[in-house]
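Worksheet: the structure to be examined is printed underneath.
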Amino acid sequence: MMSNRVLSREIAIPLATSLAMLAAWEGLVQLGSLRAAFFPAPTSIAVTLWGLALSGELWVHMATTLGRLAGSFLMAVIPGTVLGLAMGWWLQMRLAADPLVRILFPIPSIAFFPVVIFYLGLSEWGLLLTASITPFLLIAVQAAAAVESLERTLLEAGRNYGASGRRLFLRVIFPATLPQLFIGYRLALGVGFIVTVAVEMIAAKHGLGGFLWHSWQILRIEEMYVGLVLIGLLGIAVTYGLAALDDRLMPWQVDLVRLKGQR
C-alpha cells in the first residue's frame with residue numbers, strides 16, 4: 001500500500017510540475033509577453049508535431065537517432081566495462097591504462113570528430129565511434145572505481161568459501177560492483193545521447209539532431225521546437241528505461257531509496 005502511494009507520488013509530482021510550466025508558457029504567449037515567432041505556444045508545437053507524426057517523417061528521424069545511440073552505447077559498454085574492471089583489479093593494468101584514460105576523459109567526444117573523419121570519413125561508423133568515446137571512458141572510470149571501493153572483508157569471505165580466480169570474479173566481484181556499474185551506464189547513456197545528437201547536427205541529414213539543425217536553418221521554428229521536445233522525451237525514455245532495468249536486476253536498492261524518501 002505504501003509502495004503504491006510512493007509510486008503515485010513519483011509520477012504525479014513531475015507530471016503536475018510539467019503541466020504547470022506548459023500552462024505558464026501558453027499563457028505568456030497568449031498575453032504577448034513572449035513573441036510567438038521565436039517562442040511558439042505549446043499548442044502550436046503540438047499541432048506541428050502531430051502533423052509530422054502523421055506524415056511519417058518523425059519516425060524515420062527517431063529510429064535513426066535511437067539506432068545510432070544503441071550502436072554507440074554497445075561500442076562503449078562492453079570494452080569500457082572490461083577495461084574498467086581490469087584496471088580496478090590488476091595493478092599493472094591500472095598503471096598502464098590510467099594515464100591515457102585521464103588524458104582523454106576531459107576531452108568532449110565531439111572534439112574527436114575531426115580526427116575520426118580523417119580515418120573513417122563522413123561515414124556512419126565515424127558517427128558511432130565519435131559518440132562512443134566519452135561513454136567508453138566514463139564507464140571505464142566508474143567500473144575501476146567500483147572494484148577499488150569493494151570491501152576487503154567481502155573478498156576475504158569469498159576466498160574463505162573457496163572462490164578464487166574466475167569464480168571469485170563472477171560470483172563475488174562482478175555482482176558486488178553492479179550497483180556502481182549501472183550508475184556509470186546511466187551517466188554514459190545520457191552523455192552518449194547528447195553526443196549522438198550533437199554529431200548529427202554537424203554531419204548527418206537524418207536523425208533528430210539533423211532535423212533540428214535543418215529546421216533552424218530554414219526558420220521553421222515550430223519544427224525546431226518539435227525536435228527539442230522529441231530529444232527531451234527520448235532522453236527521458238532512454239535513461240528511465242535503463243533505470244527500470246537497474247531496478248529489476250537489483251530490487252533491494254529500489255526499496256532502500258523509497259524508504260529514504262518516506263522520511
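A few points about this structure:
- A crude spin-label estimate for the pair W90 and I13, with each label 7 Å from Cα along the Cβ direction, gives 4.6 nm.
- Across the accessible surface of segment 40-133, with the other protein chains kept in place and a 1.4 Å probe, carbon and sulfur atoms take up 79 percent.
- Average accessible area per residue (Å²) across segment 12-52 - probe 1.4 Å, nucleic acids and ligands excluded: 68
- Rounded to the nearest whole Hz, the Karplus-based 3J(HN,Hα) values (6.51 cos²θ - 1.76 cosθ + 1.60, θ = phi - 60°) of segment 110-121 follow the sequence 4, 5, 7, 4, x, 5, 4, 6, 4, 9, 10, x, with x at glycine and proline.
- Accessible surface computed residue by residue for segment 174-221, with neighbouring protein chains in place and a 1.4 Å probe, gives 47 Å² per residue.
- Peptides 213-221, 61-69, ordered by how many other C-beta atoms sit within 10 Å of their residues on average, highest first, read 61-69, 213-221.
- Residue list for segment 199-225, given a label point 7 angstrom along the Cα-to-Cβ vector of R35 and an amide N cut-off under 18 Å: 216-225
- Residues in segment 63-106 average 56 Å² of solvent-accessible surface per residue, probe 1.4 Å, ligands and nucleic acids excluded.
- Chymotrypsin sites (Phe, Trp or Tyr not before Pro) lying in DSSP loop within segment 35-104, provided at most 10 other Cβ fall within 10 Å: F38
The values are calculated or read from the model by the stated rules, or taken from the named source; none is laboratory data. Remember, predicted model here, so these are calculated numbers, not experimental data. We place every Cβ from the backbone using ideal geometry, glycine too, and count neighbours over all the protein chains shown. We work out accessible area using only protein heavy atoms, side chains counted, and drop any ligands, DNA or RNA first. Shrake-Rupley method; radii C 1.70, N 1.55, O 1.52, S 1.80 Å.
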